[in-house]
Amino acid sequence: MTVWDSLVGQARPVEALATAARGQGMSHAWLFTGPPGSGRSNAAIAFAAALQCEQAGCGTCHSCRTVLAGSHADVVVVSTESVQFRVNEARELVRRAALSPVGKRWQVLVVEDADRFNDSSGNAMLKAIEEPNARTVWLLCAPTVEDVLPTIRSRCRLVTLSTPAIRDVAAFLERTEGVSPALAAHAARASQGHIGRARAIATDEGARGRRREVVGIPATLTSLGRCMSAATRLAEVTKEEAESITADRDARDKADLDQAFGYEDRGRRAREYAAALRSLQEDQKRRAKRRHLDVVDRALMDLVSVYRDAVAVGTGAPAELVNEEIRADIEQVVRTSSPELNLRRIGWIFEAREQMLEFNVPVPLALESMMVALRVPDQGSRR
């Protein structure tokens, strides 16, 4: 067992990271990139554990176990609950980076959303990343190099991860989750190599049910009314799922705030409590918005997989279908369209995604526009 066991299909990056952890080619700042589900954060945390380990990542010592469990004093994992990092969040990271590690090895700062720095928050980070303390290491994570501000990425050593092969993901699920080979294979295909998503599909019937509902949408878009209904339903379901994810966290944060001020002090400290409560509610609102966008984004990628399958079937490509279990629906989509139309549909889905993530278009409005664009053409017409 080593700290690298959770990384699937990443032999070459693991070799480079393990070599650096042993003291060869070490750098003060690293940028981990790779498509969703490739394990960027897992790779960064595994590297952090290897840096704290006397044996460069044995996986069993106290340092390895505490880093992987998220309780090591010198390893901090940071993400933002907002669409972008705010300047005050960046300044707090800079303050933390200026401290010396508690132990005798490294202070490691893992930033999971380095693509969410804007010009202001990114500029606040530059000097700390370029000239950190001698025993401070930055591990930044982002989907691609282009997603990170040029001024930040130019100061980092790049680690590029790839989407794991389906067979590797299935084998990983069988080994770690104890699921059947058939379910592991289904989850690996349905997730398109996304490790976290594959684990959820393999272990949660609710997740499988929600995905079945989403991939069943394209075959039902036969009228304007059905398009609008599908958009409304998708917006509602994704919002409910996002709220269920954030509800417990929101309740804990509110309880912590109440305890910090003390119930008995509210009368004397009403103004301070009200200001803190207002700030908390604003943070929770930002977190809820981001979580909803994340859930919607996942659903859109499931829709893309259906039209990708339709292109494969329509062109006679030998590729294995992502959604083999709904082949009949996919063949129905093929009969009422053309490969060119289905490629345009994939483009329209990505346009809706961009509208929501980049231009702040309300989710229901973006989904309604998208569903109407995806509508099945009238019989005899293939746009």
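The values are calculated or read from the model by the stated rules, or taken from the named source; none is laboratory data. What you see is a predicted model; the values in this text were computed from it and never measured. All Cβ positions, even for glycine, are placed from backbone atoms using ideal geometry, and neighbour counts span all protein chains on display. SASA here: full protein model, heavy atoms, side chains in, ligands and nucleic acids out. Shrake-Rupley method; radii C 1.70, N 1.55, O 1.52, S 1.80 Å.
Here are the numbers for this structure:
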read-out: Selected from GLN284, GLN259, GLN84 as most flexible by GNM, with the chain as the system and alpha-carbon contacts under 10 Å; value: GLN259
read-out: Extension gain (nm, one decimal) between SER71 and VAL87, 0.36 nm per residue minus Cα-Cα; value: 3.1 nm
read-out: Cα-based equivalent ellipsoid of segment 10-160: semi-axis lengths in Å, sorted from largest, via gyration tensor; value: 23, 17, 14
read-out: Using a Förster distance of 22 Å, the FRET efficiency for VAL361-ASN118 (Cβ separation, nearest 0.05); value: 0.70
read-out: Degrees separating the helix 339-358 axis from the principal Cα axis of the chain, which is the longest one; value: 40
read-out: FRET efficiency, ALA134 to ALA247 (Cβ-Cβ, R0 35 Å, nearest 0.05); value: 0.20
read-out: Solvent exposure of segment 178-265 as accessible area per residue, Å², 1.4 Å probe; value: 49
read-out: Fraction of accessible area attributable to carbon and sulfur, the chain (%, probe 1.4 Å); value: 51
read-out: Acute angle (nearest 10 degrees) that the helix 11-21 long axis makes with the longest principal axis of the chain, alpha-carbon atoms; value: 10
read-out: The chain, helix-only ellipticity at 222 nm - DSSP H runs n ≥ 4, -39,500 (n - 2.57), divided by all residues, nearest 500; value: -19500 deg cm²/dmol
read-out: Taking only Cα atoms of segment 224-374, radius of gyration then Dmax in Å; value: 21.6, 74
read-out: Within segment 323-366, backbone nitrogen closer than 17 Å to the virtual label 7 Å beyond the Cα of MET228 toward Cβ; value: 364-366
read-out: Span per principal axis, largest first, for the Cα atoms of the chain (Å); value: 71, 57, 40
